[in-house]
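These notes concern the structure reproduced below.
The values are calculated or read from the model by the stated rules, or taken from the named source; none is laboratory data. Predicted model only: the values in this text are computed from it and were never measured. Every residue, glycine among them, receives a Cβ derived from its backbone with ideal geometry; neighbour counts consider all protein chains shown. Note: accessible area is taken over every heavy atom of the protein model, side chains too, but ligands, DNA and RNA are not part of it. Shrake-Rupley method; radii C 1.70, N 1.55, O 1.52, S 1.80 Å.
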Amino acid sequence: MLELVDISKRFKKVEAVKSLNMFIEQGEIVGLLGPNGAGKSTAISILSTLIEPTQGDVRFLKKSVIKKPSPLRKAIGVVPQEIALYPQLSAEENLLFFGRIYHLKGAELKQRVNEILEQIGLTEKRKALVESFSGGMKRRLNIGVAMLHSPKILIMDEPTVGIDPQSRSYILETVKRLNQENQMTVVYTSHYMEEVDYLCDRIYIMDRGNLIASGTKEEIKQILSSENTISIQANRWNDTFITQLKEHEYISNVHVEEKEITLIAPKEINLFSDIISMTEKHHIDLRSLHVKSPTLEDVFLHLTGRALRD
Amino acid sequence: MKGILLARIREFIRNPFSFLLFTGISILFAWATSSATGGGSDGLPVPVYVEEGADAYENSLKEQDAFHFYMVDKEKLEQELKEGKVDTGVKLSEKHFDILVGVESPNAGLIQQAVQEVYTAETQETLIRESAENKGMNADQVISSYQEALTEGTFDLSVQSFSGEESWKYDESVQRIGGFAIFFAIYTIAYGVVKILTEKRMGLWDRMILSPIRKSEMYAANLLSSFIEGYLQILIIFSVFYFWRGITFNDRLIEILLMLIPYALTIVSLSILITALVKNVQQFNAVITITAVSLAMIGGAFWPLEIVSNPVLLFLANVNPIKYGLDIIQGVAVYGYSFTDLLLPMSVLTLMSVLFSGLGIHLMEKRHIE
Ligand SMILES: Nc1ncnc2c1ncn2[C@@H]1O[C@H](COP(=O)(O)OP(=O)(O)O)[C@@H](O)[C@H]1O
Ligand SMILES: [Mg+2]
């Protein structure tokens, strides 16, 4: 239904997106996953005709929309990464404003605004000014505004950044419900792999402008089918231990956090005894050691050698 | 577009503080520096010290229109001159008068001319009275018919010389009120226009681009509302001085306000041009502050342009909207020019406004790709 064909986008010095191919079918939730600076927002802006690509084509229902964007613009609702609302207007006034801009009028406009307020759970706060809202409420209204004109496709750019867990799950549930009950097609951008894992049917993973993996969740996790992710937990590390891990011939992608080290190793090799003897040698107070089933995070780690979140 | 304007009005009502601040400051500054006695029809204030035996001239002096002569004692006269409150004073004696000049200004010549006329007239009257009495005629009757003839004749003459090209009259109050009003209006207008940049950064602009609303409407709504805010400010300031300070503006306030429409439009256009050239709001604020102050300085908002003699500055003044704005205000309130007399400054302003906004919007659109 909607596709990006070999898209590249260059800002003066930065190549933000490099020959990206992507397609979205009716009724899907498609995830776009990647760390900050991966090029997600740029890709999203090109997909929603807000910026022109340096190269490549955007097609909606098989027709290019770069020069004639209006058919696509009518069909999409875009939830920007920023809070694009008038802080000095109330929730209701914001909705009325954007509704009018979409040529909604009178009773129809009122009814639609009420529906949206209901959907995003802000009916009670309708008269409050946006500047007095919590981060989560702003995010919800940010989504609500994008749905006013009942778009077929909802394009969301990191809609849960910087909010409390409750608002976050509220938003995730809302997206899921919109997709299941209203057959809304959703493009969901995030750098939280759990969100994408939970919501999406198909996933694109980007890093530094490149598409590094794509497919269904299962297909992507298959990338790690011949590897295991091993997690080591302890109270404290020392550098020589980490160095020795990194120098081990079968171990790759050692990722160190405060109390946990994850690493990737081939399935057929049993490393448990090696690791345990290493911890003894370096006086590491080992708490646990186990093999994890691979997550999207691990796939990312495997493909890039870096963690999704910095 | 109605929707955008409506939202803008709501925002304005909820957050009128910067508007009120700029309006208040202009009024405060102009109030503090303008004198209650000045202002259009009253003429420039000139202190007069009258020596004994010269009382007869006092009344005739007060009757003439171009200047506002007021009586003071000797010490007060010297003090006002020394403090620079006035730049010219007059001392009347029985047989002659002195023009006391504190600061060199072209007004001195005009004042001398005015006082001279009074002396000549008085001397003539005395002569006529004496010869009439000698011939046994009714002296008062002769004098009054003489005065009638005189006022008709010389009145035109003096108006000519005061409004003519080569002479100028510096009316402090109108100058200051007008200067501060159009200077501070720049800020109100500029802060309105730069909302385009803020709204772009916030993503509001993108939202509107995706909607069926046209780009031209988006620009028009912003520019129109910025214009209205700035113009409202000018309106309020002039009205305050008209109604509460008794400044008459030559009884042509409405004309002045109407003729200032092109000025406000030019400032709107200048703001959109600057908006298109800067990278962010902070930069805009810096640029607009420097621009407004320089425009005001070389445009005559803080002091009369007539005391500027540097040719470069004078040339710059000719591409400066503030100068034309002040030309209009002074032209009507001080010199009594008509609408057609002021077509030139209005046309220049209109031209600048078209030029700046065309260029500004063009650059803005080219830049948006980033
Ligand atoms: N308007 C722009 N001008 C210049 N560089 C940009 C612009 N927008 C994004 N970039 C650069 O492109 C890269 C990708 O950015 P972005 O698409 O925002 O990534 P993400 O949304 O995944 O965090 C970054 O290096 C960013 O600095
Ligand atoms: Mg982003």
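Against the definition (open to solvent by less than 50 Å² (accessible area, probe 1.4 Å) and in contact (Cβ under 8 Å) with a residue 40 or more places away in the chain), how does A:Glu260 come out, yes or no?
no
Which one is surrounded by the fewest Cβ atoms within 10 Å (Cβ to Cβ) among residues in region A:27-44 that are within 7 Å of ligand 1 (Cβ to nearest atom) and within 14 Å of another protein chain (Cβ to nearest Cβ)?
A:Ser41
Can you give me the number of residues within region B:2-11 that are at the interface with another protein chain (Cβ under 9 Å from one of its Cβ atoms) and in contact with a helix residue (DSSP H, G or I) (Cβ under 7 Å, 6 or more places away or on another chain)? So that I can check it myself, show each step before the final result.
Just the residues of region B:2-11 that are at the interface with another protein chain (Cβ under 9 Å from one of its Cβ atoms), to begin with: B:2-4, B:6-7, B:10-11.
Checking which are in contact with a helix residue (DSSP H, G or I) (Cβ under 7 Å, 6 or more places away or on another chain) leaves us with B:3-4, B:7, B:10.
Within region B:2-11, residues that are at the interface with another protein chain (Cβ under 9 Å from one of its Cβ atoms) and in contact with a helix residue (DSSP H, G or I) (Cβ under 7 Å, 6 or more places away or on another chain) number 4.
Please determine whether any residue of region B:14-36 is under 24 Å from the mean Cα position of the chain (by Cα), at pLDDT 80 or above, buried (at least 17 other Cβ atoms within 10 Å of the Cβ) and not assigned by TED's automatic domain parsing to the domain that holds B:Ile182.
No, because not a single residue in region B:14-36 is under 24 Å from the mean Cα position of the chain (by Cα), at pLDDT 80 or above, buried (at least 17 other Cβ atoms within 10 Å of the Cβ) and not assigned by TED's automatic domain parsing to the domain that holds B:Ile182.
If you go through region A:163-178 one residue at a time, do you hit one that is among the acidic types (Asp, Glu) and within 14 Å of another protein chain (Cβ to nearest Cβ)?
no
So how many residues does region B:169-197 have that are assigned to a helix (DSSP H, G or I), among the hydroxyl-bearing types (Ser, Thr, Tyr) and touching a Leu at 6+ places or on another chain (Cβ under 8 Å)? Outline the logic, then answer.
Of the residues in region B:169-197, the ones assigned to a helix (DSSP H, G or I) are B:172-193, B:195-197.
So of that shortlist, the ones also among the hydroxyl-bearing types (Ser, Thr, Tyr) come out as B:173, B:187-188, B:191.
Within this subset, residues satisfying the condition of being touching a Leu at 6+ places or on another chain (Cβ under 8 Å) are none.
Adding up the residues that qualify gives 0.
Would you check which residues across region B:326-342 are over 17 Å from B:Ile298 (Cβ atoms) and without any contact (Cβ under 8 Å) to a residue 40 or more places away in the chain and list them?
Hits for region B:326-342 are B:Gly331, B:Ser338, B:Thr340, B:Asp341.
Just one of (1) among the acidic types (Asp, Glu); (2) under 30 Å from A:Ser214 (Cβ atoms); (3) within 19 Å of the chain's Cα centre (by Cα) trips up A:Glu181, so point out which.
Unmet condition: (3).
So, in region A:1-26, of the ones that are over 19 Å from A:Ser190 (Cα atoms) and open to solvent by less than 50 Å² (accessible area, probe 1.4 Å), which residue ends up nearest to ligand 1 (Cβ to nearest atom)?
Applying the filter and picking the extreme gives A:Lys9.
Could you list, ordered by first residue, the pairs with Cβ atoms under 7 Å in which the first is in region A:204-217 and at positive phi and the second is β-branched (Val, Ile, Thr) and within 15 Å of ligand 2 (Cβ to nearest atom), at least 6 apart or interchain?
Final answer for the pair search is A:Gly209/A:Val17.
Please give the number of the condition A:Phe60 fails out of (1) in contact with a strand residue (DSSP E or B) (Cβ under 6 Å, 6 or more places away or on another chain); (2) facing chain B (nearest Cβ under 9 Å).
So the condition that A:Phe60 fails would be (2).
Considering only region A:74-118, state which residues are assigned to a helix (DSSP H, G or I), open to solvent by less than 10 Å² (accessible area, probe 1.4 Å), more than 7 Å from chain B (Cβ to nearest Cβ) and not aliphatic (A, V, I, L, M).
A:Asn94, A:Gly99
Can you tell me which residues in region A:63-88 are within 16 Å of ligand 2 (Cβ to nearest atom) and free of Cβ contacts under 8 Å to residues at least 24 places away in the same chain?
Hit for region A:63-88 is A:Glu82, nothing else.
Taking A:Gln244 as the residue in question, decide whether it is within 16 Å of A:His282 (Cα to Cα), among the polar types (S, T, N, Q) and in a strand (DSSP E or B).
In short, no.
Please go through region A:211-244 and pick out each residue that is surrounded by fewer than 12 Cβ atoms within 10 Å (Cβ to Cβ) and of a type in the set (Lys, Arg).
Scanning region A:211-244 gives a single hit, A:Arg236.
Taking the condition of being in a loop (DSSP other than H, G, I, E, B) and either more than 16 Å from ligand 2 (Cβ to nearest atom) or without any contact (Cβ under 8 Å) to a residue 40 or more places away in the chain (or both), how many residues in region A:36-62 meet it?
The total comes to 7.
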